[in-house]
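The next block holds one structure in the form of structure tokens; read it before the comments.
The values are calculated or read from the model by the stated rules, or taken from the named source; none is laboratory data. Note that this is a predicted model, so its numbers are computed, not measured. Heads up, the Cβs are rebuilt from the backbone with ideal geometry, glycines too, and the neighbour counts pull from every protein chain shown. Ligands, DNA and RNA are excluded from the accessible area calculation, which covers all protein heavy atoms including side chains. Shrake-Rupley method; radii C 1.70, N 1.55, O 1.52, S 1.80 Å.
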Amino acid sequence: MGAVTRPAFDAVGTLVVKVGSSLLQGGPAVLTAIADDIARLHARGCRVVIVSSGAVALGRSRLGLTQPVLSLEQKQAAAAAGQPRLLAAWDAALEPHGLTAAQALMTLDVTENRRSWLNARATLNTLVELNAVPVVNENDTIATDEIRYGDNDRLAARVAQLIGADLLVLLSDIDGLYEADPRKHPGAACLHDIPVIDDRIRSMAGEANAQAAVGTGGMRTKILAAELAGRSGCATAIALGTAPHPLVSLRDASHGSWFHPARTASSARESWIAGAESPTGEIHVDAGAAAALLAGKSLLPVGVTSVAGRFERGETVRILGPQGALVGRGVCAYSAADARLIAGCRTEEIETRLGYRRAAALIHVDDLVLEREAS
């Protein structure tokens with residue numbers, strides 16, 4: 001679908017909601033209200049993923065870590081103690097609606113490495129298909145400074161990119177972006193519609209922790225997250241997490257701040273795939289497979305006639321038709337070695353040939369750019 005606007009809120013197909021640490025201080029009532037909205041969205045077919053802060057805060061109190069500044073090792077220990085409690089809180093909020101909370105821990109390298117990216121996306125998609133609500137958090141227990149997101153706003157934007165979300169909602173203790181810090185300037189106006197993130201908008205965010213009372217990043221990291229998500233065609237909203245209906249209230253133009261994406265999701269995806277470094281691999285397909293691709297279908301192994309070159313799972317390859325004409329480019333779900341083994345086989349034969357089964361499609365339609373689209 002194209003870029004989602006606020007009037008088209010009910011058309012959102014996939015939504016990522018980030019819940020800040022400050023909201024957990026409101027107790028179960030806050031999570032219950034958010035879960036109620038998630039259930040409403042889920043009932044109409046919207047896929048929802050939660051990115052939740054709070055593990056370290058919950059764990060440090062449990063472990064008696066009362067000092068204001070913790071070492072990396074202490075934060076990791078607090079996260080280990082807090083993660084089960086964080087997931088239990090979300091599960092308790094979602095369970096009355098027949099939804100199951102499922103923990104998904106990530107580090108920065110997961111979304112920077114294409115193979116890990118595919119694995120993470122497949123897991124999140126499978127969880128959603130099984131009527132679960134993934135609860136994503138940074139894996140602080142094992143993360144080092146070199147592989148940390150640093151804040152869950154950035155993590156949420158990367159998750160939105162990963163699953164192709166239409167909308168990223170950053171819920172916090174403030175109801176949007178203001179022209180100036182409302183704590184210091186009570187008369188400052190809230191910007192409800194932001195078509196473009198420019199230097200003027202960035203300057204309003206100020207430094208880290210500006211405009212927000214609690215958390216590690218404040219408004220500045222939220223603006224950066226909106227820019228990151230926007231480059232993938234995902235709109236972003238910043239809203240007050242303690243509002244009666246913090247998510248569905250986004251239909252109201254006076255609720256929160258809405259950032260328009262810089263491009264559509266399809267154009268961002270196509271640009272990423274088409275702009276990949278020169279592919280080192282080629283997949284040759286028969287006429288039937290080429291026609292199916294042009295009709296908007298995925299590439300199944302049965303239509304593959306040969307595989308050339310060397311490539312790993314998650315790398316971009318060229319797809320060539322029976323006469324050698326370039327059909328398109330795509331991100332392959334299998335390595336070159338495995339692709340050769342399953343070339344020409346039917347879906348039900350994949351596991352027999354490989355000893356395992358991962359994806360039915362060699363290249364999923366979401367990871368494909370046709371030559372006519374890229375030209």
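Kirkwood radius, the range 87-136, all distinct C-alpha pairs, inverse of mean reciprocal distance: 11.5 Å. Relative to the globular-protein estimate of 2.2 N^0.38 Å, the Cα radius of gyration of the range 1-143 stands at 1.11.
Computed over protein heavy atoms with a 1.4 Å probe, the carbon and sulfur contribution to the accessible area of the range 91-130 reaches 47%. Antiparallel versus total DSSP beta bridges in the chain: what percent is that, nearest 5? DSSP beta bridges in the chain are roughly 40 percent antiparallel.
Between E95 and A295, how high is the FRET efficiency from 1/(1 + (r/R0)^6) when r is the Cβ-Cβ distance and R₀ = 41 Å? Nearest 0.05. So the FRET efficiency works out to roughly 0.45.
Under conditions of 37 °C and 0.692 mPa s, the chain yields 150 µm² s⁻¹ as its translational diffusion coefficient, taking Rh as the Kirkwood radius over Cα pairs in the Stokes-Einstein equation. When the Cα positions of I50, P182, A229 are compared along the charge dipole of the chain, I50 comes out farthest toward the positive end, with charges on each C-beta of Lys, Arg, Asp and Glu.
Taken about its Cα centre, the chain carries a charge dipole of roughly 200 debye when the Cβ of each Lys and Arg holds +1 and the Cβ of each Asp and Glu holds -1.
Under the simplified labelling scheme, the L63-N119 pair shows an inter-label distance of 2.5 nm, with each label point 7 Å from Cα along Cα→Cβ.
Once both labels are positioned 7 Å from their Cα atoms along Cα-to-Cβ, the gap between T352 and D193 label points is 5.9 nm. In units of the compact-protein estimate 2.2 N^0.38 Å, the range 60-193 shows a Cα radius of gyration of 1.23. Calculated mean residue ellipticity, 222 nm, the chain: -11000 deg cm²/dmol, from DSSP H runs (n ≥ 4) at -39500 (n - 2.57) each, averaged per residue and rounded to 500. Rolling a 1.4 Å probe over the heavy atoms of the protein chains gives the range 42-120 an accessible area of 48 Å² per residue. Using only Cα atoms and rounding to the nearest 10 degrees, what angle (0 to 90) does helix 265-274 make with the longest principal axis of the chain? Computed tilt is about 50 degrees. Translational diffusion coefficient of the range 1-54 (Stokes-Einstein, Kirkwood radius from Cα pairs, 10 °C, 1.306 mPa s): 129 µm²/s. Taking the alpha carbon gyration tensor of the range 307-375, multiplying each eigenvalue by 5 and rooting it gives semi-axes of 22, 12, 11 Å, largest first.
Label zone of N131 (point 7 Å out along Cα→Cβ, amide N under 20 Å): in the range 24-60 this covers 35-50. Scoring 166-176, 335-345, 227-237, 312-322 by mean Cβ neighbours within 10 Å over their residues and listing the highest first yields 166-176, 227-237, 312-322, 335-345. Inter-part distance, the range 57-126 to the range 279-338, computed on C-alpha centroids, equals 37 Å.
The A180 and A80 beta-carbon pair, evaluated with R₀ = 30 Å, returns a calculated FRET efficiency of approximately 0.15. Straight-line cross-link reach from K18 at under 23 Å between alpha-carbon atoms covers these lysines, not counting any fewer than eight positions away in the same chain: K75, K222.
You can think of it this way: the chain between D10 and S71 has 17.6 nm of extra reach, that is 0.36 nm per residue less the Cα-Cα gap. The listed peptides 45-52, 181-188, ordered by packing as a protection proxy, come out as 45-52, 181-188 (highest mean of other Cβ atoms within 10 Å first). A Förster distance of 45 Å, applied to the separation of the beta-carbon atoms of L341 and Q103, puts the FRET efficiency at 0.85.
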